[in-house]
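*Asks:* Sharing a structure with you now.
The values are calculated or read from the model by the stated rules, or taken from the named source; none is laboratory data. On a predicted model such as this, the values are computed, not experimentally measured, just so you know. FYI the Cβ positions are ideal-geometry reconstructions off the backbone, even for glycines, and counts take in every protein chain you see. For accessibility, only protein heavy atoms count, side chains too; no ligands or nucleic acids. Shrake-Rupley method; radii C 1.70, N 1.55, O 1.52, S 1.80 Å.
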Amino acid sequence: MTRTAVVVGAAGGIGSACVRRLAADGYRVVAVDADERVRELPDCRPVHGDCTAAEVLDEAFADPVDVLVHGVYHWVRAPLEELRREDWLRVLDVGLLSAWEAAVRLAKGGRAASIVLIGSVQANRAVAGAAPYAASKAGLASLARAAAVEWGPRGIRCNVVEPGAVEIPVSAEHLAKPEIRGPMLDAQPLRRLCVPDEIAGVVAFLAGSDSAFVNGETIAVNGGTTALLPGELPRYS
């Protein structure tokens, strides 16, 4: 029987890689995004709209779902004292609450399933000016643990993938700056950045039966940057 996967945030670099990988693995993929480019993704049923809207999620979950991948986020960059309440609410609504709402819809389907939430290395490491984004990503880990405990008896697993720096179109201009890219690569034990297909591979693992006993976990996919002692650079290479 063909399994169904819903990918929320499907038009982004990581999301579109997940759509491609899951479709290649034989899933019937439902791709959700507010970006019009979602309509151009191959091998999927596109759902165009804001994932915080109930009617959009209702359309995405019209049929029982076996896998949910949630990777949508909203970004506001500002110092803590300059952030507005509406900034926080929008970031948390898109990045955290919509994950909970999508997961609840999956759980109501009444079948064993896997939920994969796309977090970030920023859930555990601070970057100046990105507090709401980091808080939303940190919240995903807590959501995954709660879902694992409450829904595990029903055969529903929930895990988080936390990427580090990924080569995606939205950050290409920023990462191309020598003053940004140089120090970033210097702090990478693998001496390169991640590509979206590498995140999609871990997502596919968590979606499938090979990870059947992995539940409530956070898997870092950052090339070893969190293993590096702060202030040090990789040596002996």
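*Asks:* Taking segment 63-97, which trypsin sites (Lys or Arg not before Pro) meet the DSSP loop condition and have no more than 14 other C-beta atoms within 10 Å?
*Replies:* Those satisfying the criteria are Arg77, Arg84.
*Asks:* Quick one: what does P(r) look like for segment 111-225 with 10 Å bins over all Cα pairs, in whole %?
*Replies:* 14, 39, 31, 13, 3, 0
*Asks:* Something else: Relative to the longest principal axis of the chain, what angle (0 to 90°, nearest 10) does the C-alpha long axis of helix 98-107 take?
*Replies:* The angle comes out at about 30 degrees.
*Asks:* A further question follows. By accessible area of protein heavy atoms, probe 1.4 Å, what ranking do Val121, Val203 get, highest first?
*Replies:* Accessible-area ranking of Val121, Val203, largest first: Val121, Val203.
*Asks:* Using a Förster distance of 22 Å, how high is the FRET efficiency between Phe213 and Thr2, based on the Cβ-Cβ distance and rounded to 0.05?
*Replies:* 0.35
*Asks:* Within 12 Å, Cβ to Cβ, of Arg192, how many net charges do the neighbouring residues add up to if Lys/Arg are +1 and Asp/Glu are -1?
*Replies:* -1
*Asks:* Further, regarding this structure: Full extension from Arg181 to Arg111: what is 0.36 nm times the residue separation minus their Cα-Cα distance, to one decimal in nm?
*Replies:* Result: 20.7 nm gained on full extension.
*Asks:* Take the Cα of Asn124, step 7 Å along the line toward its Cβ, and report every residue of segment 153-181 whose backbone nitrogen sits under 17 Å from that point.
*Replies:* Only 159-166 fall inside the zone, counting backbone N under 17 Å.
*Asks:* Right, here's the next one. Per-residue accessible area for Val166 at 1.4 Å probe radius, Å² rounded to 10?
*Replies:* 10
*Asks:* Name the long-range amide H neighbours of Ile156: under 5 Å, sequence gap of 5 or more, or other chain; modelled H, no Pro or chain starts.
*Replies:* Ala113
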